[in-house]
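Here's the structure, in structure tokens; my notes come after.
The values are calculated or read from the model by the stated rules, or taken from the named source; none is laboratory data. Keep in mind the model is a prediction, meaning the values are calculated, not measured. For neighbour counting, all protein chains shown are included, and Cβ atoms are generated from backbone atoms with ideal geometry for every residue, glycine included. Note: accessible area is taken over every heavy atom of the protein model, side chains too, but ligands, DNA and RNA are not part of it. Shrake-Rupley method; radii C 1.70, N 1.55, O 1.52, S 1.80 Å.
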Amino acid sequence: MGIDAGTLLNMLRGAGPSTALRRFLSDNYPPAEQGQAADRYSRLVERFQALRPGAPLALVRAPGRINLIGEHTDYNGLPVFPFAIHRDLAAAFSPREDARMVLHNLDPAYPPREFALEAAIPPYVTGDWGNYLKAAAQGLLDRFRAGGVPAAFGGLHPEGFHGLNAVIHGDIPPAAGLSSSSAMVVLGALMLLAANKRSLPGPELATLLARAEHYVGTQGGGMDQAASLLSRSGMALKIDFFPLRVTPAPLPAGAVFVAADSLVKAAKTAEALDKYNRRPIECRLTVAVLKRRLAERFGREVNLERLGDLTPDFRPEADRALHPAPYTLAEIAGVLGCSPQEAARTFCLRRDGSVFPEPTDGFKLYQRYRHVIEEGARVQQALAAMQAGDIEALGGLMNQSHESCRALYEISCPELDALTRIARQSGADGSRLTGAGFGGCTISLVREGRLPAFLGEVTRAYYREFLKKAPEDLASTLFACQAVNGAETLF
Ligand code: NG1
């Protein structure tokens, strides 16, 4: 693999044009930003060349994503409906002879990181950017070890994996619900695969990386990695899980999806991890309670691993089996016939083995159940609305989804509520939070003709009047999303 840096710089500067490179830029960046994108790749190559003079290199990009609808459904085995956006992570890289990962970032906020590929890679502190690359490396090493790949040759990782040198740059707003973290995992995985001349089918890689990202402490599902890897220019992807399947659907003509950052940071601190992980834990507890109740009702074991496994014949009974008042761990343990300690050890563990504490407001099984089941149904309806070009219906479903995220799943915040309300008042057909929630971005469906007025009105009413904080970089805070191709390596 690899191309000479000088040749690549000439191509990026427009001399010695390359069809592949032009296509790469036009598929993945809006026309007005393609020049800027070429400059950015040039900067990556120049920095790489300064660090590793003469080494042939390859380019790679991994996009962030925005989710139209289907929030917190993925780990429950119900579908999501995202697309990859033109905000991405890009890198220039080349393989090393040894098994070290040597990583630089053009942004000084992300200091250099270096680690060895070893059987059990120890994580950096929670939140460190290097952990996302460690997550990818650990996931691939485990996969190829499990695959029985021949071991050991001269100074390399026991599985024979080469490390790499990379210079990375990202322009996905961080902690904004646009999956900059999963894009980093995907970027790391594509670099390692290319550097080691290996490949995996897209859906298998996406599934593997969803699991691999648990390394950083989240217990999330597979939406982000799949969207970053498998998206196609101009399309949204309905994604089903267990096993992963994608249904591409062209974005509706005459409307755009606008991302607006609430500017409330949804960073993955230890506290934020707990807020997120509480939901998968509550869903696992719900499944356990329902499994027990349905078995009692039908007099036999019911095959139920996730909420998404509930077939229509079990739904009415499941709807009746939960009560709206929050559950204590003691009550759940009573239903399951075990001690609270045993229930906690089975369902409420963090990645480091510590027990997730019982929430003071109780486990809200009924509310989480209703959101997940109804949200899964809304994704199916949204696909049908999109295929029919019914913008109004799609917008209505997005509004319902936001309300459910707010009232039942409790992942909104006053700023996201205000921003979605202002977006609707400013002409959007629909508006909702996108991603994990607790801050970050909203997504709004806006007819093309209304876009300029919409952008002006949201800037005034949300950023200036409600938040009283003008964004430092409006173009990265409020922007129409282009649906781009999934991650790829070039050269
Ligand atoms: P973000 O917004 O990237 O933190 C998280 C999960 C998804 C999904 C969404 C909510 C990870 C890496 N991502 O996304 O799997 O559950 O929340 O729909 O955990």
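Remarks
- Between ALA266, ALA259, ALA210, the distinction of being more than 12 Å from the chain's Cα centre (by Cα), open to solvent by less than 30 Å² (accessible area, probe 1.4 Å) and within 11 Å of the ligand (Cβ to nearest atom) belongs to ALA266 only.
- Tally, over region 420-474, of residues that are touching a Cys at 6+ places or on another chain (Cβ under 9 Å) and either of a type in the set (Gly, Ala, Ser) or open to solvent by less than 20 Å² (accessible area, probe 1.4 Å) (or both): 7
- The test for being modelled with pLDDT under 95, surrounded by fewer than 18 Cβ atoms within 10 Å (Cβ to Cβ) and part of a loop (DSSP other than H, G, I, E, B) holds for ASP98.
- Residues located in region 161-172, provided they are in contact with a strand residue (DSSP E or B) (Cβ under 9 Å, 6 or more places away or on another chain) and either in a helix (DSSP H, G or I) or more than 11 Å from the ligand (Cβ to nearest atom) (or both): HIS162, GLY163, LEU164, ASN165, ALA166, VAL167, ILE168, HIS169, GLY170, ASP171
- Residues satisfying the stated conditions in region 41-70, i.e. closer than 30 Å to GLY435 by Cα, among the β-branched types (Val, Ile, Thr) and away from the ligand (no atom under 16 Å from the Cβ): VAL60
- Filtering region 2-36 to residues that are surrounded by 14 or more Cβ atoms within 10 Å (Cβ to Cβ), at negative phi, in contact with a strand residue (DSSP E or B) (Cβ under 9 Å, 6 or more places away or on another chain) and touching a residue at least 24 places away in the same chain (Cβ under 8 Å) leaves ILE3, ASP4, ALA5, LEU8, LEU21, PHE24, ASN28, TYR29, PRO30, GLU33.
- Among the candidates LEU230, LEU244, residue that is over 22 Å from GLY440 (Cβ atoms), within 13 Å of the ligand (Cβ to nearest atom), open to solvent by 20 Å² or more (accessible area, probe 1.4 Å) and in contact (Cβ under 8 Å) with a residue 24 or more places away in the chain: LEU244
- The residue of region 321-354 that is modelled with the lowest pLDDT, among those that are open to solvent by 60 Å² or more (accessible area, probe 1.4 Å) and farther than 25 Å from HIS371 by Cα, is ARG351.
- Single unsatisfied condition, SER199 versus (1) polar (S, T, N, Q); (2) free of Cβ contacts under 8 Å to residues at least 40 places away in the same chain; (3) part of a helix (DSSP H, G or I): (3)
- Test: residue in region 269-286 that is of a type in the set (Phe, Trp, Tyr) and surrounded by fewer than 17 Cβ atoms within 10 Å (Cβ to Cβ): no
- Considering residues of region 402-454 that are more than 17 Å from the chain's Cα centre (by Cα) and of a type in the set (S, T, N, Q) only, the residue farthest from PHE479 (Cα to Cα): SER404
- Checking each residue in region 326-367 for being in a loop (DSSP other than H, G, I, E, B) and either of a type in the set (S, T, N, Q) or under 20 Å from GLU296 (Cβ atoms) (or both) picks out THR328, GLY337, CYS338, SER339, SER354, THR360.
- Inside region 53-70, residues that are part of a loop (DSSP other than H, G, I, E, B) and either open to solvent by less than 10 Å² (accessible area, probe 1.4 Å) or of a type in the set (S, T, N, Q) (or both) make up a count of 3.
- Residue in region 119-138 that is more than 16 Å from the ligand (Cβ to nearest atom), part of a loop (DSSP other than H, G, I, E, B) and crowded, with 17+ Cβ neighbours inside 10 Å present: yes
- In region 370-469, counting only helices (runs of 4 or more DSSP H) that sit wholly within it, the ones holding 1 or more residues that are hydroxyl-bearing (Ser, Thr, Tyr), touching a residue at least 12 places away in the same chain (Cβ under 8 Å) and touching a strand residue (DSSP E or B) at 6+ places or on another chain (Cβ under 9 Å) span 391-407, 414-425.
- Contacts under 8 angstrom Cβ, first residue in region 261-282 being farther than 24 Å from ALA343 by Cβ, partner open to solvent by 30 Å² or more (accessible area, probe 1.4 Å) and among the acidic types (Asp, Glu), 6 or more apart: SER262/GLU415; LEU263/GLU415; VAL264/GLU415
- Contact map, region 289-303: first residue farther than 19 Å from PHE363 by Cβ and part of a loop (DSSP other than H, G, I, E, B), second residue of a type outside the set (D, E, K, R) and open to solvent by less than 100 Å² (accessible area, probe 1.4 Å), Cβ cut-off under 6 Å, separation 6 or more or different chains; pairs are GLU301/ALA295; VAL302/LEU294; VAL302/ALA295.
- Residue count for region 173-207, restricted to those that are aliphatic (A, V, I, L, M) and either near the ligand (Cβ under 10 Å from one of its atoms) or open to solvent by 20 Å² or more (accessible area, probe 1.4 Å) (or both): 8
- All positions within region 82-91 that are open to solvent by 10 Å² or more (accessible area, probe 1.4 Å) and more than 14 Å from the chain's Cα centre (by Cα): none
- Entry remark, region 71-81: residues being more than 7 Å from the ligand (Cβ to nearest atom) and either touching an Asp or Glu at 6+ places or on another chain (Cβ under 8 Å) or open to solvent by 10 Å² or more (accessible area, probe 1.4 Å) (or both) number 3 in total.
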